[in-house]
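Here's the structure, in structure tokens; my notes come after.
The values are calculated or read from the model by the stated rules, or taken from the named source; none is laboratory data. Source: prediction; values computed, not measured. As a convention, Cβ positions derive from the backbone with ideal geometry for all residues, glycine included, and neighbour counts pool all protein chains shown. When the accessible area is computed, the model is the full protein with side chains, heavy atoms only, and any ligands, DNA or RNA have been set aside. Shrake-Rupley method; radii C 1.70, N 1.55, O 1.52, S 1.80 Å.
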Amino acid sequence: MLEGRQLRLSIGSRAILRGIDVSLAPGDCLGLYGANGAGKSTLLSILSLQREPSSGRLRMFGEPARIDDLALRRRLGYLGHEPGVFLGLTGHENLVFYGRLYRLDRVHQRAEEALVRVGLSPFRHEAVRSYSAGMRQRLALARATLHRPEILLLDEPHQSLDPAGADLLDDEIREHCARGGAVIFASHEVDRGYRLATRLMVLRRGRVEWQAEQGAAGEDEFRHALGVALGVGAR
Amino acid sequence: MIRSAGWILWKDITLELRGRELLLPAGVFGLVIAMLYGFAFDPSKSGLHGMFPGLLWLGIFFASFLAVGRAFSIEADSAQQLLLAPIDRGALFVAKLALNVLLTLVLAAVMTPAFTVLLQTALPAEVGTFLVIEALGLVGFAAAGTAMGALAAQTRLRELLLPVLLLPFTSPLLLGVVSATSALYGPTPAAASSWIGLIAIFDVIFIVVPALLFEFLTEV
């Protein structure tokens, strides 16, 4: 579904990504780990077509990926650091608005279903301004998955979620992968991410420091690799 | 593209009607300018009559800065999601341009009567021509403001950068609208027509060039 080869990005003289290979097949759930500034969010911004790499090759669904390819954007779902929801609109209106931009059919029904799925149905006609941070994150998850994307890109998705919300997110990710979709998420949640991912990748200073299939690597090995990347003892 | 622009405009108008974050401060600022002009210049002096077009347009432009400059910043954290949606960037430009035209028209509709009352100057006899000048001038200002707002929104210094970019950029337009309006108050109101033609040319340039460059402006 996705294949990136030797992805590099430099801003001025500073190299942010220094040649990263990444791939996603149907059913894959790749967990990205590393210290702040390791390049996780930058890699996700390239894979979500927000920016072009300085060099390297990115292909999606067998075709070269271009950031102006609107058809390709419809096949991606992205959830960033910030929920990015409109505070003055209700939860329902937020989803309907994005549904319209994605030209979805039955947009009101889809919005209702998405709100039920993330547990916000009772608050659907309340302004998002009155939502807690966790509720906004749930709404952002509903928005990111509203158009049923094939690849989900999630940047620290567990941020602000309570345990119930985090479990809900994990279930959503597992179901997405079980349906043949692929997920790549950046996280600092070691335990939760280890249980969720089918593959783990640790970045350090823009390079892949360590990676392994979840089954092939024990949790201790993952924690050790992460500890080395963070320059501290594993959490 | 037009349908996407329509939905973005619907969203912006809904947010503005509920939050009143753009028009209210800009409108209050515009009225304060009118009052300060009223205090600073003696409206009873006949010389003020000749200054009225310049004072009116400067007031409208300054107040419009506040509204036009924030048309992109109301996206705030949502801008990333909006730019990721599978829509032509042109739809975003069209939506913001339409919003800015609406905002500036409402501001002018409030400020023009206030200026005539506080500066004790009646509208020119050719009210229809005057309204055409206002509409064309505001469309041009809104178009330039939309383009510069998109550029400034990418920077940390957007509040400072926008007037620095927009004031010099729109100075030919300001000259055109003030001259056209002054002509309506002069002995030969027909002289306004050549200025109206010039303003229309500015409008076309301010709409077409940013529309072509908008993709670039939102990526800088």
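For segment B:80-98, enumerate the residues that are touching a residue at least 12 places away in the same chain (Cβ under 8 Å) and either away from chain A (no Cβ under 14 Å) or open to solvent by 10 Å² or more (accessible area, probe 1.4 Å) (or both).
B:Leu83, B:Ile87, B:Asp88, B:Arg89, B:Gly90, B:Leu92, B:Phe93, B:Val94, B:Lys96, B:Leu97, B:Ala98
Taking the criterion of being open to solvent by 10 Å² or more (accessible area, probe 1.4 Å), under 23 Å from B:Val209 (Cα atoms) and within 14 Å of chain A (Cβ to nearest Cβ), would at least one residue in segment B:126-147 satisfy it?
no
Determine, yes or no, whether B:Ile199 is open to solvent by less than 20 Å² (accessible area, probe 1.4 Å), touching a Gly at 6+ places or on another chain (Cβ under 9 Å) and not basic (Lys, Arg). Step through it out loud before you land on a result.
Details: open to solvent by less than 20 Å² (accessible area, probe 1.4 Å): yes; touching a Gly at 6+ places or on another chain (Cβ under 9 Å): yes; not basic (Lys, Arg): yes.
For B:Ile199, the condition - open to solvent by less than 20 Å² (accessible area, probe 1.4 Å), touching a Gly at 6+ places or on another chain (Cβ under 9 Å) and not basic (Lys, Arg) - is met.
Sort out which residues of segment A:208-228 are surrounded by 15 or more Cβ atoms within 10 Å (Cβ to Cβ) and outside any helix (DSSP H, G or I), and write them in order of number.
A:Val208, A:Glu209, A:Trp210, A:Gln211, A:Ala212, A:Gln214, A:Ala217
In segment B:148-164, which residues are surrounded by 15 or more Cβ atoms within 10 Å (Cβ to Cβ) and over 19 Å from B:Trp57 (Cβ atoms)?
B:Gly149, B:Ala150, B:Leu151, B:Ala152, B:Ala153, B:Arg158, B:Leu161
If we keep just the residues of segment A:53-109 that are within 17 Å of the chain's Cα centre (by Cα) and of a type in the set (Lys, Arg), which is least open to solvent (accessible area, probe 1.4 Å)?
A:Arg73
Out of curiosity, is B:Glu215 of a type in the set (Asp, Glu), touching a helix residue (DSSP H, G or I) at 6+ places or on another chain (Cβ under 9 Å) and open to solvent by 80 Å² or more (accessible area, probe 1.4 Å)? Give the steps one after another, and end with the answer.
Working: of a type in the set (Asp, Glu): yes; touching a helix residue (DSSP H, G or I) at 6+ places or on another chain (Cβ under 9 Å): yes; open to solvent by 80 Å² or more (accessible area, probe 1.4 Å): no.
Taking the combined requirement at face value, the residue does not satisfy it.
Restricting to segment B:7-16, count the residues that are more than 9 Å from every other protein chain (Cβ to nearest Cβ) and either more than 19 Å from B:Ser64 (Cβ to Cβ) or open to solvent by 20 Å² or more (accessible area, probe 1.4 Å) (or both).
Initial filter on segment B:7-16 (more than 9 Å from every other protein chain (Cβ to nearest Cβ)): B:9, B:12-13.
Next, only the ones that are either more than 19 Å from B:Ser64 (Cβ to Cβ) or open to solvent by 20 Å² or more (accessible area, probe 1.4 Å) (or both) stay: B:9, B:13.
So the answer is 2.
When segment A:27-61 is examined, which residues are found to be among the hydroxyl-bearing types (Ser, Thr, Tyr) and over 25 Å from A:Leu230 (Cα atoms)? Steps first, please.
Just the residues of segment A:27-61 that are among the hydroxyl-bearing types (Ser, Thr, Tyr), to begin with: A:33, A:41-42, A:45, A:48, A:54-55.
Scanning segment A:27-61 gives A:Ser48, A:Ser54, A:Ser55.
Filter segment A:59-116 for residues that are in a loop (DSSP other than H, G, I, E, B) and over 23 Å from B:Ala95 (Cβ atoms); which is farthest from the other protein chains (Cβ to nearest Cβ)? Reasoning before the result, please.
Initial filter on segment A:59-116 (in a loop (DSSP other than H, G, I, E, B)): A:61-62, A:65-69, A:74-75, A:80-89, A:102-106.
Within this subset, residues satisfying the condition of being over 23 Å from B:Ala95 (Cβ atoms) are A:61-62, A:65-66, A:75, A:81, A:106.
Working: A:Phe61: 15, A:Gly62: 19, A:Ala65: 14, A:Arg66: 13, A:Arg75: 9, A:His81: 9, A:Arg106: 16 Å.
Checking each candidate, the answer is A:Gly62.
Which pairs do you get when a residue that is among the aromatic types (Phe, Trp, Tyr), found in segment A:28-55, comes within reach of a residue that is buried (at least 17 other Cβ atoms within 10 Å of the Cβ), reach meaning Cβ atoms under 6 angstrom, with the pair 6+ apart or on two chains?
A:Tyr33/A:Val202; A:Tyr33/A:Leu226
Of all residues in segment A:193-204, how many are crowded, with 17+ Cβ neighbours inside 10 Å and without any contact (Cβ under 8 Å) to a residue 60 or more places away in the chain?
0
Looking at B:Ser73, B:Ser44, can you tell me which residue is within 14 Å of chain A (Cβ to nearest Cβ) and surrounded by fewer than 17 Cβ atoms within 10 Å (Cβ to Cβ)? Can you show your working first?
On the way: B:Ser44 fails: within 14 Å of chain A (Cβ to nearest Cβ).
So the residue among B:Ser73, B:Ser44 that is within 14 Å of chain A (Cβ to nearest Cβ) and surrounded by fewer than 17 Cβ atoms within 10 Å (Cβ to Cβ) is B:Ser73.
Could you check segment A:160-188 and list, in sequence order, the residues that are surrounded by fewer than 20 Cβ atoms within 10 Å (Cβ to Cβ) and touching a His at 6+ places or on another chain (Cβ under 8 Å)?
Selection gives A:Ala166 alone.
Condition check: crowded, with 17+ Cβ neighbours inside 10 Å and of a type in the set (Phe, Trp, Tyr). Does B:Phe52 satisfy that? Before the answer, list the steps.
Details: crowded, with 17+ Cβ neighbours inside 10 Å: yes; of a type in the set (Phe, Trp, Tyr): yes.
Considered against the rule, which asks whether it is crowded, with 17+ Cβ neighbours inside 10 Å and of a type in the set (Phe, Trp, Tyr), B:Phe52 comes out as yes.
Among the listed residues B:Phe61, B:Phe29, B:Phe72, identify the single one that is in a helix (DSSP H, G or I) and more than 13 Å from B:Ala114 (Cα to Cα). Full working, then the answer.
Values: B:Phe29 fails: more than 13 Å from B:Ala114 (Cα to Cα); B:Phe72 fails: in a helix (DSSP H, G or I).
Checking each option against the conditions leaves just B:Phe61.
Would you say A:Arg136 is within 13 Å of another protein chain (Cβ to nearest Cβ), among the charged types (D, E, K, R) and part of a helix (DSSP H, G or I)?
yes
B:Val132: part of a helix (DSSP H, G or I) and within 10 Å of the chain's Cα centre (by Cα), yes or no?
Numbers: part of a helix (DSSP H, G or I): yes; within 10 Å of the chain's Cα centre (by Cα): no.
Considered against the rule, which asks whether it is part of a helix (DSSP H, G or I) and within 10 Å of the chain's Cα centre (by Cα), B:Val132 comes out as no.
Test of understanding: among A:Ala166, A:Ala225, A:Ala217, A:Ala212, which residue is out of contact with any Gly (no Cβ under 8 Å at 6 or more places or on another chain), under 30 Å from A:Ala114 (Cα atoms), among the small types (Gly, Ala, Ser) and without any contact (Cβ under 8 Å) to a residue 60 or more places away in the chain?
Working: A:Ala225 fails: under 30 Å from A:Ala114 (Cα atoms); A:Ala217 fails: under 30 Å from A:Ala114 (Cα atoms); A:Ala212 fails: under 30 Å from A:Ala114 (Cα atoms).
Step by step, each of A:Ala166, A:Ala225, A:Ala217, A:Ala212 is checked, and only A:Ala166 is out of contact with any Gly (no Cβ under 8 Å at 6 or more places or on another chain), under 30 Å from A:Ala114 (Cα atoms), among the small types (Gly, Ala, Ser) and without any contact (Cβ under 8 Å) to a residue 60 or more places away in the chain.
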